[in-house]
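Contents: one structure, followed by commentary.
The values are calculated or read from the model by the stated rules, or taken from the named source; none is laboratory data. The model shown is predicted, which means the values in this text are computed figures rather than measured ones. A quick note on method: Cβ atoms are made from the backbone with ideal geometry, for glycine too, and the neighbour counts reach across all protein chains shown. Heavy atoms of the whole protein, side chains included, go into the accessibility calculation; ligands, DNA and RNA do not. Shrake-Rupley method; radii C 1.70, N 1.55, O 1.52, S 1.80 Å.
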Amino acid sequence: MKKYFCLFLSAIVLTMSIVLFPENSMTVEAANKTVNIVIDPGHGGTGDKNLGAQYNGLSEKELTLQVANALKAELEKYDNVNVYMTRTTDTLVSLEDRAKYAKSVNADFVYSIHFNASAGHDFYGSEVWTSAFGNGYQMGYNFGQIVGAEWNALGLYQKGTKSKVGNSGKDYYGIIRHCVARQIPCVILEHAYLDHGYDVPKVKSDGFLAKLGAADATAIAKYFKLKSSVTGADYSNYSYTSVKKPSGTMYQDETEPETCEIKVLSTDPASGNILVEMTAKDNQSPVIYFSYSYDGGNNFCYLQMWDRSKTTQSFNVKVPSGTTNPTIVCRCYNNYEKGTQSNAVPVTSTFNY
Ligand SMILES: [Zn+2]
């Protein structure tokens with residue numbers, strides 16, 4: 001589908017407002033014992049299926065190793081932490097061998113470092129995948145909230161923390177499944193998309209990979225309440241809001257948002273602006289993007305950030321000068337990338353400005 005550029009950009013919205021369960025407070029024990037952290041740089045080796053995402057001159061298997069190295073260097077500044085890597089060179093390591101290695105070093109947590117891409121090249125932002133089950137879900141979700149705040153501070157849009165179950169009834173993603181089988185919590189950290197214009201300039205900017213590694217290290221230090229006699233950082237009193245341990249399986253959302261309705265509030269032919277009010281709701285997962293069309297749904301703009309603290313919000317659709325009788329149609333997407341199209345609203349007006 002052809003896209004045109006949207007003139008409207010909403011504010012970046014933090015994922016913190018999304019809590020799946022009633023809040024309760026959890027305290028992780030201060031780090032008086034040594035914590036064993038395993039960093040897993042995703043992909044590696046040769047052959048197409050081992051490279052990871054390859055876009056815009058960026059190679060996922062190389063980026064993951066660079067972030068992992070920066071993460072390790074930063075995390076090792078903290079006291080009482082051992083940091084291990086599942087690979088330190090461009091080599092092929094199977095997902096199960098990565099989990100076996102984590103077990104062999106008695107890992108307290110495995111962080112699998114990745115970058116993202118989508119088939120339609122339309123999504124952007126960061127996301128965290130965690131186990132769909134029990135403690136693994138709870139620990140991964142809690143960590144996801146902490147690291148999401150760090151990434152948000154770097155200007156990345158936060159899609160949130162999710163889980164996905166495969167046909168076997170176990171976790172869909174191999175590294176999580178193999179770690180969970182060994183009673184090791186594991187999250188996949190999808191830092192940014194390599195195939196979208198919102199994220200790529202950030203990923204390519206000077207020092208950004210090191211900043212991502214440092215952000216991950218800070219999140220890990222906060223989660224495990226570490227302190228550093230090197231830098232003076234002290235997270236021993238850090239606290240966060242925990243989700244409850246789920247009693248059942250946390251399945252992925254397979255359905256589109258239930259509600260996507262629009263109305264036109266006003267039109268201004270002199271400026272080209274059409275003020276649209278949109279209501280978007282999904283009972284299972286948050287609505288995080290929206291887009292609009294002024295040609296009846298033939299062409300949609302790039303995905304915009306939806307303020308997920310609201311179910312109804314308004315925005316200006318700017319139509320080009322010379323447009324006559326546009327028809328507005330919108331879409332909303334949840335954080336599993338399922339989209340719903342709105343009703344169409346014809347506007348009887350000629351826009352000349
Ligand atoms: Zn990957």
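Farther than 27 Å from Leu154 by Cα and either open to solvent by 40 Å² or more (accessible area, probe 1.4 Å) or away from the ligand (no atom under 16 Å from the Cβ) (or both): is that true of Ala102 in this structure? Criteria met by Ala102. The residues of the range 179-198 that are closer than 21 Å to Leu71 by Cβ and either in a loop (DSSP other than H, G, I, E, B) or more than 15 Å from the ligand (Cβ to nearest atom) (or both), listed by number, are Cys179, Ile184, Pro185, Leu194. Would the range 336-343 turn up any residue that is open to solvent by 20 Å² or more (accessible area, probe 1.4 Å), at pLDDT 95 or above and over 31 Å from the mean Cα position of the chain (by Cα)? No, because not a single residue in the range 336-343 is open to solvent by 20 Å² or more (accessible area, probe 1.4 Å), at pLDDT 95 or above and over 31 Å from the mean Cα position of the chain (by Cα). Checking every residue in the range 199-206 against the condition of being in a loop (DSSP other than H, G, I, E, B), on the phi < 0 side of the Ramachandran plot, within 16 Å of the ligand (Cβ to nearest atom) and not aromatic (Phe, Trp, Tyr) gives at least one match. Taking the range 118-142, which residues are crowded, with 21+ Cβ neighbours inside 10 Å and within 16 Å of the ligand (Cβ to nearest atom)? Across the range 118-142, the qualifying residues are Phe123, Tyr124, Gly125, Ser126, Glu127, Val128, Trp129, Thr130.
Going by the conditions given, is Ala210 under 30 Å from Asp307 (Cα atoms) and out of contact with any Phe, Trp or Tyr (no Cβ under 9 Å at 6 or more places or on another chain)? In short, yes.
Only one of the numbered conditions (1) open to solvent by less than 20 Å² (accessible area, probe 1.4 Å); (2) out of contact with any Gly (no Cβ under 7 Å at 6 or more places or on another chain) is not met by Pro185, and that is (2).
Hey, can you tell me all the residues within the range 259-291 that are in a loop (DSSP other than H, G, I, E, B), open to solvent by 20 Å² or more (accessible area, probe 1.4 Å), more than 10 Å from Cys332 (Cα to Cα) and in contact with an Asp or Glu (Cβ under 9 Å, 6 or more places away or on another chain)? If the condition is that a residue be in a loop (DSSP other than H, G, I, E, B), open to solvent by 20 Å² or more (accessible area, probe 1.4 Å), more than 10 Å from Cys332 (Cα to Cα) and in contact with an Asp or Glu (Cβ under 9 Å, 6 or more places away or on another chain), then Asn283, Gln284 are the ones that fit.
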